[in-house]
Amino acid sequence: MTAPPAGDRAAPSAGAALLEVDAIDVYYGDVQVLHGLSLEVREREIVTLLGSNGAGKTTTLRAITGLRPPRRGDVRFQGRSLRDVPAAARADLGMALVPEGRELWPQLTVRENLELGAYGRRARPRLRPNLDRVLELFPRLAERRRQLAGSLSGGEQQMCAIGRALMSEPTLLMLDEPSLGLAPIVVEQVMRTIAALHQAGMTILLVEQNLRQALAVADRGTVIETGRVRLTGASTELAANPEIRAAYLGL
């Protein structure tokens, strides 16, 4: 991956609220997973959603994308309520998710997987220039573009999953555990790429268990425990918080 290290340039200034999650309750059957959860992502910032396994991080992303609609509360994107917007239509509004575990089509080539990212009406007319940009960002994918996605390494698959999301021309890019199962050197490369996308003006919501890496690239963070917001604040403040250092960083 070709990306400048985080910190080489000042992060772009955050703007107005792009995503607002307002006091949502989310259930799986009769089991409530999120309890009045609220968070905000402003334009041109990285917000990281932190918490242990089972805290509700992935469920929060599923609520935002419409895969698990809240029973109560609201999700607003660019000031618009998404209550009546189905999951399939949210991508055309400018939302893209890189799911946990990548979820590529293993029997399709790298190029075919990337092209499917531009399936929606929003990005389909610009498939070719977007593909060129993704392959420029990830030269390894350019080398492997005719290779079956299932034969890629874990790091290459993560590149492909991020590239597929970028093909949809997202205004908001959401990543669910992008470092999961990757070697430390590959995790560093993935985080450098996320930082580079941010420097280019991308708004990002990052779900990550690797708190050190997440807080290093994010502007702000929200810590959730058992489906409730525990703490929120600037990444530097969270990294210095004794509770966070003891509970999540082992310090």
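Remarks
- Cα gyration tensor, the stretch 105-251 - rounded (a/c under 1.5), prolate or oblate: prolate
- The spacing between the stretch 50-121 and the stretch 215-238, judged by their C-alpha centroids, is 21 Å.
- Charge tally in the Cβ shell below 14 Å around Ile185, where Lys, Arg are +1 and Asp, Glu are -1, Ile185 excluded: 0
- Fluctuation leader among Glu177, Glu115, Glu136 - the chain, Gaussian network, Cα springs under 10 angstrom: Glu136
- Volume per residue that the Cα convex hull of the chain spans, once the total is divided by residue count, Å³: 124
- Listed peptides 71-83, 164-176 appear in the order 164-176, 71-83 once ranked by packing, highest mean of other Cβ atoms within 10 Å at the front.
- More than 13 angstrom apart: percent of Cα pairs within the stretch 85-141: 67
- Cβ-Cβ distance of Ser151 and Gln78, R₀ of 41 Å, FRET efficiency by 1/(1 + (r/R0)^6): the value works out to about 0.60.
- Distance between the pseudo-spin-label points of Ala200 and Asp92 (7 Å out from Cα toward the beta carbon): 2.5 nm.
- For the chain, the share of DSSP beta bridges that are antiparallel, to the nearest 5, is 55%.
- Contour excess over end-to-end distance, with Cα ends at Arg122 and Asp22 and 0.36 nm allotted per residue: 33.3 nm
- Two-site FRET efficiency, Ala234 against Leu180, from Cβ-Cβ distance with R₀ of 25 Å, rounded to 0.05: 0.50
Here, each number is a calculation from the coordinates, and none is a lab measurement. Quantities reported herein were computed from a predicted structural model and do not represent experimental measurements. Note that we place each Cβ from the backbone using ideal geometry, even for glycine, and neighbour counts take in every protein chain shown.
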